[in-house]
Structure formats: C-alpha cells, structure tokens
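Undergrad: Attaching a single structure in structure tokens format; questions to follow.
Every number in this text was worked out from the coordinates using simple rules, so none of it is lab data. Not measured: the values here are computed from a predicted model. Counting neighbours? That spans all protein chains shown, and the Cβs are built from the backbone with ideal geometry, glycine included.
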Amino acid sequence: MSEQTQYPPITIIVAIAANGAIGINNQLLWHLPEDLKRFKRITTGHAVLMGKNTYLSLPKRPLPNRTNIVISDNPDDHFEGSITVNSVEEAVEKCPHDRESFVIGGGSVYRQFMPIASKLYITKIHQDFKADTFFPEISENQWKCIEESKVYTDENNSLKYSFLTYQKR
Ligand SMILES: NC(=O)c1ccc[n+]([C@@H]2O[C@H](COP(=O)([O-])OP(=O)(O)OC[C@H]3O[C@@H](n4cnc5c(N)ncnc54)[C@H](OP(=O)(O)O)[C@@H]3O)[C@@H](O)[C@H]2O)c1
C-alpha cells in the first residue's frame, strides 16, 4: 500500500512487559483479570485482527461479539466463526472506515501493523519476563503518549501494571 493510502481507523491493543516481552510458547506471560476485562470492554462490538498463532492460542475462539479476522499464509485455512485472510492488505480491506478496529496480536502481526495503526492501547507490566515474542520499539519520534494511568497492583500475584495510550504523530 502507498503512503497516501487512507487507512481505516486501526488501534493496536497489547500488554507489554518492561523488557518488551509479550508471549512464550504461544501463550501469554501473566494472568491479569482486570486487563482481560478491559480488553473485552474495549474490543466488544468491533473487528479484531490477529495472526493465526494468536487465534489458535485463544482459550475460547472465535472471540464472541467481535468480527474475528485471522491472517494466515495458507489459502486453505478457514477458521470457524472468523474471516480468514491471506495478507495484511486483505485484513485492512475488511475493516470498516466508520469505527475503530483492533489489532490483538501477536508479535509478527503487531510489527506489520505499526506503520498502519493510528493509536496504541498499551498495558505496561512493570516487570521483566522471559519470552520468545516481543513487541517492537515504540519510537518517541513516531508516537506521542497522550494518556497514562496510575500504577495498579494485581491482588493475586502483586504484579504492577498501568495503562498508556499513544497516538501516531
Ligand atoms: N501480550 C499480549 O498482549 C499478546 C497479545 C496477543 C498475542 N500475544 C502472544 O504473541 C505470541 C504469538 O505471536 P506470533 O508472532 O508467534 O504469531 P501471530 O502474529 O499471532 O501469528 C503469526 C502467523 O500469522 C500468519 N501471518 C502473519 N502475518 C501474515 C501475513 N502478512 N500474511 C499471511 N499470513 C500472516 C502466519 O501464519 P502461517 O502459519 O499461516 O504462516 C504467521 O505464522 C503468543 O505467545 C501470544 O500469546 C501476546
């Protein structure tokens, strides 16, 4: 797609550890019920775009009350209850222009959508984690932090986390 392309509004939503870690062995690295509730509240009623690995990692799939768009290299893949596409371009074409769509992972898909997304909803986890999947660098030249919550502490595992919103400059 050319740089002049008028993209539909696309937001990345992700939880990132202090060292950039987001996953290991096709799983998440923590269990944060409050973050999962927030994810559901924000994404319900919208299209959610994801890579095949992330789709297959979901405990309940497709994600209910959302248009699930799954990106796969394999033209024979058809995931039940989801729209399966074979490229980022095709995924973007499925997104409405009059409401926000959300990129929900994983690492490879986040990386490809950084030039396309206009907003980032980040849950920042204030701890390092051992991982095999990482979020790309968020460059201050390209992204401006417009909101930062207080620091919360999970009552079960004492994990500290906060919510940040970035807008593309
Ligand atoms: N912390 C968080 O908020 C968060 C959120 C979501 C996921 N995650 C974690 O992220 C990890 C998964 O990330 P990942 O990078 O391994 O996988 P992924 O991005 O979910 O999926 C990658 C797969 O999607 C397909 N794909 C991606 N781009 C494509 C393109 N342009 N054209 C066609 N197919 C494309 C390919 O499938 P084929 O196999 O068909 O080639 C590729 O192997 C897991 O650990 C998961 O738990 C973390």
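Residues are listed down the side, and each one gets a yes or a no for (1) buried (at least 19 other Cβ atoms within 10 Å of the Cβ); (2) among the hydrophobic types (A, V, I, L, M, F, W, C):
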site: PHE39; (1), (2): yes, yes
site: ASN53; (1), (2): no, no
site: LYS60; (1), (2): no, no
site: ASN68; (1), (2): yes, no
site: ASP76; (1), (2): no, no
site: ALA91; (1), (2): yes, yes
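Undergrad: Would you please list the contacts, defined by Cβ atoms under 8 Å and residues six or more apart or on different chains, that run from a residue in segment 13-38 that is more than 18 Å from TYR121 (Cβ to Cβ) and in a strand (DSSP E or B) to a residue that is β-branched (Val, Ile, Thr) and within 6 Å of the ligand (Cβ to nearest atom)?
TA: If the second residue must be β-branched (Val, Ile, Thr) and within 6 Å of the ligand (Cβ to nearest atom), the pairs left are ILE24/THR133.
Undergrad: Has segment 154-165 got any residue that is within 10 Å of the ligand (Cβ to nearest atom) and surrounded by 12 or more Cβ atoms within 10 Å (Cβ to Cβ)?
TA: Scanning segment 154-165, I find no residue that is within 10 Å of the ligand (Cβ to nearest atom) and surrounded by 12 or more Cβ atoms within 10 Å (Cβ to Cβ), so the answer is no.
Undergrad: Out of TYR55, TYR110, I need the residue that is under 25 Å from LYS144 (Cα atoms), within 8 Å of the ligand (Cβ to nearest atom) and touching a Phe, Trp or Tyr at 6+ places or on another chain (Cβ under 7 Å). Which one? Show your work before the answer.
TA: Working: TYR55 fails: under 25 Å from LYS144 (Cα atoms).
Step by step, each of TYR55, TYR110 is checked, and only TYR110 is under 25 Å from LYS144 (Cα atoms), within 8 Å of the ligand (Cβ to nearest atom) and touching a Phe, Trp or Tyr at 6+ places or on another chain (Cβ under 7 Å).
Undergrad: Filter segment 89-105 down to the residues that are closer than 26 Å to ARG38 by Cβ and within 14 Å of the ligand (Cβ to nearest atom) and list them by number.
TA: ALA91, VAL92, LYS94, PHE102, VAL103, ILE104, GLY105 - these are the residues of segment 89-105 that are closer than 26 Å to ARG38 by Cβ and within 14 Å of the ligand (Cβ to nearest atom).
Undergrad: Is it the case that some residue within segment 2-11 is more than 8 Å from the ligand (Cβ to nearest atom), closer than 19 Å to ILE125 by Cα and loosely packed, with under 15 Cβ neighbours inside 10 Å?
TA: The answer is no; no qualifying residue exists.
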